[in-house]
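Below: the structure, in structure tokens.
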Amino acid sequence: MSLDDKISDRVRSIPKSGIRDFFELVQGRDDVISLGVGEPDFATPWHIREAAIYSLERGETSYTSNLGMPKLRQCITDYVLKQFDVAYDPASEVIVTVGVSEALDLAFRALLNEGDEVLYHEPCYVSYNPGIVLAGGKPVPIQTRAEDHFALMAKDVEEAITPRTRVLMLNFPTNPTGAVEPLGELEKIAALCVKHDLICITDEIYSELLYTTEDHVSIATMPGMRERTILMHGFSKAFAMTGWRLGYACAPAVLTDAMMKIHQYSMLCAPIMSQMAAIEALENGAPAVEEMHRSYAMRRNLLLGAFDEMGLECFPPGGAFYVFPKICEFGLTSKEFAMRFLEEESVAVVPGDAFGAAGEGHVRACYATGVDDLRTAMERLGNFVGRLRDVGDMKVAG
Ligand code: PLP
């Protein structure tokens, strides 16, 4: 008997994450500086941890309402109103989930019938494609380009729409590029959603981490969009709470009800101690978020300055905590570049193709890493690209 045969076709059809594959190589190597995993290097702010500790001390260890604790849902709608300028009813239009990851899974499964098409922009977060496939949908990536600073162009969306298109998936600021969407394009994309009666899922997990002078605008605020948008957000990035596994989705009640049906039979509810921590994060976390944001801004500038000095092309990302420099000039694939950089200089970055074919020719570096390590990594990158260019010159000369 082969156990392989027992695995469903759907699960067999999806690859393992390119990020995880790569990081298995790094496991257990203390000498490696990792700019790989997209995770804050800060521990969760102390007052947030303390709220969870006090809650445990009080013996609050039970299930909660399936939708999430009423107080947390109220805090979420207050926060979303302030942050995104969209009002939701905490009783019926919010569902607290196990990270944005679960919210994505619920939304795809709630919305998609077999073969329904989901448009999304690539390069993108590694979960979108497999999430769509696992829900029976058909992923339809739309390539974004370095020359457009990886913004999603409305004309490309329009071209990709077919009678089977059901959902448009957005993520700005974007993992892995740090792209932010120009307002004019977002308005045109919103009009397309209305015209073609699409549901929009917008993953706003990096919305606090912006380095532009303009404010973040969610597509949910645009005419005709609130009633067709699932707005997702979570605590992992801006609040440095990856391990708490907490996120949420806000949407019209018909959509949250459908997601709730799956959530109540799969997760039941998000962990109570994480929900208690999240209440504290939303009520009193703003100064800590602001401080971490300042620190990321400084590190982003450090990396962009270093790229500039070594002549490595990289558009200045408007958000998140990633840079996505171009490495085509070296004649290596992104995998070869990342592998050799790891082997020769002990620095881990993620090959751009892990985020879809449109990421080829780039690598992703996460700068939520200590400043000393970032400086060392940039020195090593300078040495590495210098060597690659010398070899290139010799080849030309020879
Ligand atoms: N969405 C994006 C764009 C991400 O980059 C990530 C994590 O890297 C997630 C969602 C997952 O978030 P969570 O930790 O809330 O599940």
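Given the conditions (1) in the same structural domain as residue 369 (by TED's automatic domain parsing); (2) open to solvent by 30 Å² or more (accessible area, probe 1.4 Å), which single one is not true for residue 227?
(1)
Counting only residues that are away from the ligand (no atom under 16 Å from the Cβ) and of a type in the set (Gly, Ala, Ser), how many does the range 31-60 have?
Qualifying residue count, the range 31-60: 4.
Being among the hydroxyl-bearing types (Ser, Thr, Tyr) and in contact with a helix residue (DSSP H, G or I) (Cβ under 6 Å, 6 or more places away or on another chain) is the filter here; which residues of the range 63-84 pass it?
Correct list: 64, 79.
Would you pick out the residues in the range 307-329 that are surrounded by fewer than 19 Cβ atoms within 10 Å (Cβ to Cβ) and in a helix (DSSP H, G or I)?
Result: 308, 309, 310, 328, 329.
Pick from the range 156-182 the residues that are closer than 30 Å to residue 300 by Cβ and away from the ligand (no atom under 16 Å from the Cβ): which of them is surrounded by the most Cβ atoms within 10 Å (Cβ to Cβ)?
157
Within the set of pairs 6 or more residues apart or between chains, which connect a residue that is assigned by TED's automatic domain parsing to the domain that holds residue 320 inside the range 13-42 to a residue that is within 16 Å of the ligand (Cβ to nearest atom) and open to solvent by 50 Å² or more (accessible area, probe 1.4 Å) with Cβ atoms less than 8 Å apart?
Hits for this filter: 14/129; 14/134; 19/37; 23/37.
What residue, of 336, 344, 379, is of a type in the set (Asp, Glu), open to solvent by 50 Å² or more (accessible area, probe 1.4 Å) and either under 24 Å from residue 240 (Cα atoms) or in contact (Cβ under 8 Å) with a residue 12 or more places away in the chain (or both)?
Within the list 336, 344, 379, the selection yields 344.
For (1) within 11 Å of the ligand (Cβ to nearest atom); (2) open to solvent by less than 10 Å² (accessible area, probe 1.4 Å); (3) touching a residue at least 60 places away in the same chain (Cβ under 8 Å), each residue gets a yes or a no:
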{"site": "247", "(1), (2), (3)": "yes, yes, yes"}
{"site": "251", "(1), (2), (3)": "no, yes, yes"}
{"site": "264", "(1), (2), (3)": "no, no, yes"}
{"site": "268", "(1), (2), (3)": "no, no, yes"}
{"site": "289", "(1), (2), (3)": "no, no, yes"}
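Looking at the range 383-392, can you tell me whether even one residue there is buried (at least 17 other Cβ atoms within 10 Å of the Cβ) and within 22 Å of residue 171 (Cβ to Cβ)?
Checked against the condition, which is being buried (at least 17 other Cβ atoms within 10 Å of the Cβ) and within 22 Å of residue 171 (Cβ to Cβ), the range 383-392 yields no hits at all.
Tell me the helices (runs of 4 or more DSSP H) entirely within the range 1-119 that contain at least 3 residues that are of a type in the set (Val, Ile, Thr) and surrounded by 12 or more Cβ atoms within 10 Å (Cβ to Cβ).
70-84
The values are calculated or read from the model by the stated rules, or taken from the named source; none is laboratory data. What you see is a predicted model; the values in this text were computed from it and never measured. When we count neighbours, we look across all protein chains shown, and the Cβ atoms used for this are built from the backbone with ideal geometry, even at glycine. For accessibility, only protein heavy atoms count, side chains too; no ligands or nucleic acids. Shrake-Rupley method; radii C 1.70, N 1.55, O 1.52, S 1.80 Å.
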